[in-house]
Amino acid sequence: MKNSLICTILAASLLASPIYANQQQTQAHLKTLLGELQHLEQQLDARQQVGNSITPGSKYRIKPGDSLGDIAKRAYGETNIKLDLVMKLIVSNNPTAFFRNNANFVYADKVVTIPSVDDFRTMLFNGDTDTLLTNDVDKSQWIRFP
């Protein structure tokens with residue numbers, strides 16, 4: 001079975017759930033999402049660096065003619081992660097590299113940090129991912145999806 005995108009997995013698993021999913025269903029969805037993040041790490045470790053690729057977690061100086069989509073594709077193009085998610089994270093982590101935080105207006109010669117897998121974990125989860133699957137987690141701040 002082909003691995004799907006992180007966002008697609010999360011959306012599909014939440015849509016398939018009843019309004020108030022039980023703890024077992026919630027744990028299954030979290031395991032799926034955490035598994036996708038782990039698979040992303042494996043994809044990044046296994047890929048071969050080509051001449052114009054960008055290493056996730058590194059710094060990159062924007063050159064004239066670069067677009068955010070091109071930068072995201074060079075960093076995560078052959079992985080299962082949705083490039084829109086990569087671009088949003090680049091913009092949010094590097095606001096001074098974009099005119100009024102607009103992804104379409106990139107400043108040349110600015111240095112941006114390319115997000116790592118840990119940056120995606122931080123964006124998707126608040127806190128340590130190992131504690132998400134335990135029974136004693138405070139779920140009062142969790143969002144319920146209809």
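Please verify whether the stretch 97-117 includes one or more residues that are touching a residue at least 40 places away in the same chain (Cβ under 8 Å), out of contact with any helix residue (DSSP H, G or I) (no Cβ under 8 Å at 6 or more places or on another chain) and closer than 19 Å to residue 43 by Cβ.
So far as the stretch 97-117 goes, yes, one or more of its residues are touching a residue at least 40 places away in the same chain (Cβ under 8 Å), out of contact with any helix residue (DSSP H, G or I) (no Cβ under 8 Å at 6 or more places or on another chain) and closer than 19 Å to residue 43 by Cβ.
Is it true that residue 128 is more than 22 Å from residue 38 (Cα to Cα) and either at pLDDT below 90 or surrounded by 15 or more Cβ atoms within 10 Å (Cβ to Cβ) (or both)? Considered against the rule, which asks whether it is more than 22 Å from residue 38 (Cα to Cα) and either at pLDDT below 90 or surrounded by 15 or more Cβ atoms within 10 Å (Cβ to Cβ) (or both), residue 128 comes out as no. The single condition among (1) outside any loop (DSSP other than H, G, I, E, B); (2) at pLDDT 85 or above that residue 120 does not satisfy is (2).
The values are calculated or read from the model by the stated rules, or taken from the named source; none is laboratory data. Values in this document were obtained by computation on a predicted structure and should not be read as measured data. Cβ: placed from backbone, ideal geometry, glycine included. Neighbour counts: every protein chain shown.
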